[in-house]
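Taking it in order: structure first as structure tokens, then the write-up.
The values are calculated or read from the model by the stated rules, or taken from the named source; none is laboratory data. Please read all numbers here as calculations on a predicted model, not as lab measurements. Cβ placement follows ideal geometry from the backbone for every residue including glycine, while neighbour counts extend to all protein chains displayed.
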Amino acid sequence: MDPEVVRVVGRSLRKLGVAFHTSSQAKSWKEASDGLLVDAETPDGPLKVPCDIVLVTVGRRANTDGLAPEAAGVKVDAKGHVLVDKQMRTSNPKVFACGDVVGPPYLAHKATREGLIAAEVIAGHPMEADYRALPAAIFTDPEIATVGWTEAQVREKGLPLVVGKVPFAAIGRALTAGESEGFVKLIADAKTNRLLGAEIVGPDASDLISELALAIEMGASIEDIALTIHPHPTFPEGIMESAEAALGRAIHVLNRKP
């Protein structure tokens, strides 16, 4: 995730009393008289963390043990993921695979679309996977949702970019709902104004991102989004205002100089 997005969630969790230890490593754990004790190495030195539950979430691999894919002539990678082409066809042209078993990102809606693609291809229709507008949501509080390329990815590709960013604190509905943490950020091609990516951290982010996924899928520009009238007072106004900010004509935040 974009560090700017993560900081918003971090601030919110710290207000709730959650402690973070980044760039750190849990080395071991043991039972103590009143629960569990984790030994960790941090940039500030050794740390002992008393806790009730230890959750290990290091690494993920495909659950293909026992399927014997080689018996069907189906190739897999080192982590057990089934190798497929854009039509979900494996190395055996009569076998298709979809979902988490074909690799990340491990998203339910990606798996559903891949299943539909496989079914369409099996039925003889021309169809293939296109993840250009694949949204993702993280159900933290506040929520995080993204689609398309991040600002860093656009810069890595050497494309000229323009960014429009508006905090929810500038959106009336967010203020009345008491959920003003976070922002909407749009990333567009500076030459064409075509939307390339979007990041939302804040209220209803997982719902709001669909509008921007549609915009990328349709090849919409930030001008298209800015000219689309959004009802007031609503959270989606943050999307319209961010597009206006990218164009330098926002009315609820200060506009950046080009």
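Miscellaneous remarks
- Applying the criterion of being part of a loop (DSSP other than H, G, I, E, B) and free of Cβ contacts under 8 Å to residues at least 24 places away in the same chain to the residues of the stretch 111-129, the residue that is nearest to T150 (Cα to Cα) is P126.
- Reported count of residues in the stretch 116-129, each being over 21 Å from the mean Cα position of the chain (by Cα) and either surrounded by 15 or more Cβ atoms within 10 Å (Cβ to Cβ) or hydrophobic (A, V, I, L, M, F, W, C) (or both), is 9.
- Test: residue in the stretch 78-95 that is at pLDDT 95 or above and not in a loop (DSSP other than H, G, I, E, B): yes
- Exclusive hit being modelled with pLDDT of 95 or more, surrounded by 14 or more Cβ atoms within 10 Å (Cβ to Cβ) and within 20 Å of the chain's Cα centre (by Cα), set A111, A40: A111
- Scanning the stretch 228-258 for residues that are free of Cβ contacts under 8 Å to residues at least 12 places away in the same chain and loosely packed, with under 12 Cβ neighbours inside 10 Å gives I229, P231, I251, L254, K257, P258.
- Of the residues making up the stretch 11-35, those that are in contact with a strand residue (DSSP E or B) (Cβ under 9 Å, 6 or more places away or on another chain), closer than 30 Å to E143 by Cα and not in a loop (DSSP other than H, G, I, E, B) number 2.
- Residues (buried (at least 17 other Cβ atoms within 10 Å of the Cβ) and either charged (D, E, K, R) or in contact with a helix residue (DSSP H, G or I) (Cβ under 8 Å, 6 or more places away or on another chain) (or both)) located in the stretch 152-162: L161, V162
- Residues within the stretch 1-25 that are of a type outside the set (A, V, I, L, M, F, W, C), without any contact (Cβ under 8 Å) to a residue 24 or more places away in the chain and out of contact with any Ser or Thr (no Cβ under 6 Å at 6 or more places or on another chain), tallied: 9
- Hey, E199 crowded, with 19+ Cβ neighbours inside 10 Å, in contact (Cβ under 8 Å) with a residue 40 or more places away in the chain and not in a strand (DSSP E or B) or not: no
- The stretch 90-105, residues that are farther than 15 Å from E70 by Cα and either surrounded by fewer than 13 Cβ atoms within 10 Å (Cβ to Cβ) or basic (K, R) (or both): P104, P105
- If the condition is being without any contact (Cβ under 8 Å) to a residue 40 or more places away in the chain, part of a strand (DSSP E or B) and in contact with a Pro (Cβ under 9 Å, 6 or more places away or on another chain), then the stretch 169-195 contributes only D189.
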